[in-house]
Amino acid sequence: MAIAPSPVHIERTDGAQLVNCDLIVTNASAVTFTLSELEVAVFDRANKLVFRKFISGNGVSPSILTVPNRELAGGKRVLVINPLHTFPLDLELGKLQFTATYHSASDQQLVATAEVAPRAFAGAARLVLPLRGPLIAWSGHDYLSHHRRWDYADPRLAEFGFDSNAARYSYDLIPVDAAGEMRKGDPADNASWFGFGRPVLAPAPGTVVALAGDHLDNRAFDMAALKANLLVPFGNYIVIEHAPGELSMLGHLKHQSLQVKVGDRVGAGQQIAAVGASGSSLMPHLHYQLQTTATGHAEGLPVYFHDFAKLRGARRTLARGHVDTGELVESRAKP
């Protein structure tokens, strides 16, 4: 069993530490096995066991059933999206040891193990939200998010050249009105969404290193073009390099709204485009992710925003750091 990506980062939230990694299991035999138990053991830096939990087939509606890709055919490999990802804030995550136990129909057992020493992520860029006004993190990167559940080992994706999850820590951001609604009117009409055409801002200083701006806001993309450019599903996009190995990718931008070109230096909060519905977009929104390179072969990096508030009805809680799926937030960064 292997663990990806490398390195594995620790993402800190308001109430926990998250370890967002994948388990890649290979079956060298000709026998088909089914996952029956998955365990993680946590050791501190002194190699002392400090935490242990598991999911199994025990019970009437067992927890193991929440894991897809449980079947491991002979001669195949599967990617298991790690469900044992959340740990207390005060726990020292020196080493994580994963154990996957499989059984065959004839009760043969296969045990796969792997360990990783995750590291806390501290980015060089001081990121601010790339949109003004109240907005919702309609889809973030929690365990149930489609961004997190990107199975790049699936043959259908691997055929196009996907070999990583650049959207591992990404967000779909949608502007909302005072009531928290995203639109008024026909959802198929881009203009009914409050965010359509809203200015998109650079999240931190940097240099524009890649872009596309001529795709229509038709919520579609040319699948045949994927092999040449894995960023095609984002439609119109801008990639900004903030530091070596730390780049922002902003996608689904409005047709011909880009205000920058490759090589331009941008400042935090500078308008660079507008919210659109180009590419593989269910509705007008801004896709944002931090990644290691300017291509679709990048790996995602944890995103910590500065100078924003979490909207809690009448309360506004000043915040810095992680934004969770479903949270309503608003930038407090100075224009």
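Ranked highest first by the average count of other Cβ atoms within 10 Å around their residues, in what order do 294-301, 221-228 fall?
On the way: 294-301: 20.2, 221-228: 12.5.
Taking the mean over residues of other Cβ atoms within 10 Å, the ranking is 294-301, 221-228.
Determine the percent antiparallel among the DSSP beta bridges restricted to the chain, to the nearest 5. List each step's numbers first, then the result.
Numbers: 86 of 90 bridges.
In the chain, approximately 95 percent of DSSP beta bridges are antiparallel ones.
Per residue, how much accessible area does the range 48-89 have with a 1.4 Å probe, in Å²?
Working: 2400 Å² over 42 residues.
Heavy-atom SASA per residue in the range 48-89 reads 57 Å².
State which entries of Lys227/Lys261; Lys95/Lys227; Lys48/Lys310; Lys184/Lys310; Lys310/Lys334 exceed 27 angstrom in Cα-Cα distance in the structure shown.
On the way: Lys227/Lys261 24 Å; Lys95/Lys227 37 Å; Lys48/Lys310 38 Å; Lys184/Lys310 23 Å; Lys310/Lys334 17 Å.
Pairs exceeding the cut-off: Lys95/Lys227; Lys48/Lys310.
The values are calculated or read from the model by the stated rules, or taken from the named source; none is laboratory data. Everything quoted here is computed from the prediction, not taken from an experiment. Counting neighbours? That spans all protein chains shown, and the Cβs are built from the backbone with ideal geometry, glycine included. The accessibility values were calculated without ligands, DNA or RNA, using every heavy atom of the protein model including side chains. Shrake-Rupley method; radii C 1.70, N 1.55, O 1.52, S 1.80 Å.
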